[in-house]
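Everything on this sheet refers to the single structure shown next.
Any read-out appearing in this document is the output of simple, stated calculations on the displayed coordinates, not a laboratory observation. It should be emphasised that the depicted structure is a prediction, and the values quoted were computed from it without experimental measurement. No Cβ is skipped: glycine too gets one built from the backbone with ideal geometry, and neighbour counts run over all protein chains shown.
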Amino acid sequence: MATEEGLKESDKGARQARTAFEANLEVIELVGSTTTRTHMITLATQQQRGASQQVAATMRDLQIVASDVATASGQIATAVQDLRTLATELHQPTG
C-alpha cells in the first residue's frame, strides 16, 4: 500500500509539474507576443513622429508662401496704383 500511495503521489507530482511546465510555456508565448506588439507600437510611434515633423515642416513652408503672397499682393497693389497715376498723367493735356 505504501508503494501504491507513493506512485499516486508521484503521478500527482508529475501532473502538477506538467501543468506548471505548460503554464510556463504559455507565459513565454505571451511574453514573446507582448515583445512583438511593443516593437510594433514603437515603430508606429516613430512613423507618427516622422509624419508630425513633416506636417510641421509643410505648415512652415505654407506660412512662408502665404507671407510671400501677401508681400507680392502689396507690390501688385502699389504697381496698379502707379499705373493709374501714370494713366491719369498721360490723359492730362500738356500745355
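Using the Karplus curve 6.51 cos²θ - 1.76 cosθ + 1.60 with θ = phi - 60°, what ³J(HN,Hα) values do you get for each residue of the stretch 49-61, in whole Hz, with x for Gly and Pro?
4, x, 5, 5, 5, 5, 4, 4, 5, 5, 5, 5, 4
Taking only the Cα atoms of the chain, how large is their convex hull per residue, in Å³?
Taking the convex hull of the Cα positions in the chain, it is 63 Å³ per residue.
Considering the dipole of the stretch 1-47 built from charges on the beta carbon (Lys and Arg +1, Asp and Glu -1) around the Cα centre, which of Ala44, Ser10, Gly32 is farthest to its positive end?
Ala44
How long is the gain from Ile28 to Val65 if the chain were fully straight, where each residue apart is worth 0.36 nm and the alpha carbon distance is subtracted?
7.8 nm
Put a dot 7 Å past each Cα toward the Cβ at Met40 and Glu9; how far apart are the dots in nm?
The two pseudo-label positions are separated by 4.8 nm.
D for the stretch 1-57, whole µm²/s, Stokes-Einstein with Kirkwood Rh over alpha-carbon pairs at 4 °C and 1.567 mPa s: what number?
It comes out at roughly 85 µm²/s.
Where the centre of each part is set by its Cα atoms, how far does the stretch 68-82 sit from the stretch 28-66, in angstrom?
Cα centres, the stretch 68-82 to the stretch 28-66: 42 Å.
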